[in-house]
């Protein structure tokens, strides 16, 4: 950060140095969860919301309990445990693929 702050001649170099500092900060960040949603606990509940159709975030304003309803799909009947488990398996598979892709991209996210 001090290196980026000291760059006063070349704006592009300054931004690249800030990007390196930001990447270090992101790579070394620690998130501490402060609450759990029903998906992360053993809480039973009845819902017509199709599992994993809502937005998802570990932190931030667009998690499933935030009242943010974009992408949320509602079914005609309550979801059964079997339907939930099937959707969960699909979601975990897609999440693993997405995480693997992100890890590959992360390797070259800074020049």
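All of the numbers you see were taken from the coordinates with simple rules; none came from a lab. Computed from a predicted model, the values in this text were never measured in an experiment. As a convention, Cβ positions derive from the backbone with ideal geometry for all residues, glycine included, and neighbour counts pool all protein chains shown.
Remarks
- Protection-proxy order for peptides 78-88, 98-108, each taking the mean of Cβ atoms within 10 Å per residue, highest first: 78-88, 98-108
- Separation in nanometres of the label points that stand 7 Å from Cα toward Cβ, at residue 21 and residue 74: 4.8
- Relative packing of peptides 8-17, 49-58 - highest average C-beta neighbours within 10 Å first: 49-58, 8-17
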